[in-house]
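K.L.:
Next up is a structure, given as structure tokens.
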Amino acid sequence: MDDDKSAKDDHGYHLFPERNPRNPRKEPFLSRLYGLKTRCNARVKIALETSPHVRLLLDAMSRAGCTAYRDRHFACEECAGEAGGGFDTATSQIVMCQNKINHQKIMNQMLTHELIHAYDHCRAQVDFLGNIQHLACTEIRAASLSGDCSLSNEMLRFRFGIKQHHQTCVRDRAVRSIMASSKSSQETAEKAVDEVFDSCFNDREPFDRIPHNTATANIAYKNFRNRGRYYENI
């Protein structure tokens, strides 16, 4: 079976067994016992209320006509593989992996990552499931803008570099995400990333800069909220 056919058949649901339409599974007993869903939902709430990355993206989606509601558009579930989260285009839901996210900082980053996918899905006619270039573009943007390639994260991965290290990290993370979600080969994923990298890496909307940390994200959020105010007051 070729890569494209595999991606269309699976749609990434192998990573999210609770919502797999072919064979949905119930939340595991141990997950219920340790209250992972409750803890995850609490972290989602904190991120929605306090993270400047998340708040900026929520405001941008609202302005674009895609208001996200906590009870409707965010879900905590058990995940398989290396997935930390996902965006389900069929339900317009962001899924946070309750068995993988054990710290608020990780939640903020993962929620930002998935909200970028949701924002891209809202603002453009994209086909994440059938067009690998569209998928590559949103994965490039999410890796670059979510903090996934921050210096602290790269140091934890024991990866260091000076010249264009952020771009190198973004390429690597985007390729890994494509391979995981679409079951594409590394060659296919790398080709798709290379084809769209320059234009998608330089597309920082709705941010006006790459928000490497909370301080720069706060500046970006302040600038976003001020957009258009000059013309409104004329």
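K.L.:
Listed highest first by mean packing, meaning other Cβ atoms within 10 Å per residue, what order do 116-128, 74-86, 28-40, 196-208 come in?
P.N.:
Sorting 116-128, 74-86, 28-40, 196-208 by mean packing, highest first, produces 74-86, 116-128, 196-208, 28-40.
K.L.:
Then there is this: Put +1 on the Cβ of every Lys and Arg and -1 on every Asp and Glu Cβ in the chain; which of Phe201, Phe16, Ile106 then has its Cα farthest towards the positive end of the dipole?
P.N.:
Result: Ile106.
K.L.:
Unpartnered cysteines of the chain (Cβ-Cβ under 4.7 Å counts as a partner)?
P.N.:
none
K.L.:
Across 5 Å bins from the origin, how do the percents of Cα pairs in the stretch 68-157 run, short distances first?
P.N.:
Histogramming the stretch 68-157 at 5 Å steps yields 3, 13, 23, 26, 20, 11, 4, 0 percent.
K.L.:
Counting DSSP beta bridges with both partners in the chain, what percentage is antiparallel, nearest 5?
P.N.:
Antiparallel: roughly 50 percent of the beta bridges in the chain.
K.L.:
Might you tell me the accessible area per residue for the chain, computed with a 1.4 Å probe and given in Å²?
P.N.:
55 Å²
K.L.:
Scan (1) 75, 35, 26; (2) 68, 48, 24; (3) 57, 40, 38 for the value of Cα extents along the principal axes in Å calculated from this model and give just the label.
P.N.:
From the options (1) 75, 35, 26; (2) 68, 48, 24; (3) 57, 40, 38, the structure gives (3).
K.L.:
In addition: Across 5 Å bins from the origin, how do the percents of Cα pairs in the stretch 61-106 run, short distances first?
P.N.:
5, 20, 25, 24, 14, 9, 3
K.L.:
Treating only the Cβ of Lys, Arg, Asp and Glu as charged (+1, +1, -1, -1), what charge dipole size does the chain show about its Cα centre? Round to the nearest 20 debye.
P.N.:
The dipole magnitude comes to about 1000 debye.
K.L.:
Using the Kirkwood radius built from alpha carbon pairs, what does the Stokes-Einstein equation give as D for the stretch 18-97 at 10 °C and 1.306 mPa s, in µm² per second?
P.N.:
Using the Kirkwood radius from Cα pairs, D works out to 115 µm²/s.
The values are calculated or read from the model by the stated rules, or taken from the named source; none is laboratory data. From a predicted model like this one, the values you see are computed outputs, not experimental measurements. Cβ atoms come from the backbone with ideal geometry, glycine included; neighbour counts cover every protein chain shown. Ligands, DNA and RNA are excluded from the accessible area calculation, which covers all protein heavy atoms including side chains. Shrake-Rupley method; radii C 1.70, N 1.55, O 1.52, S 1.80 Å.
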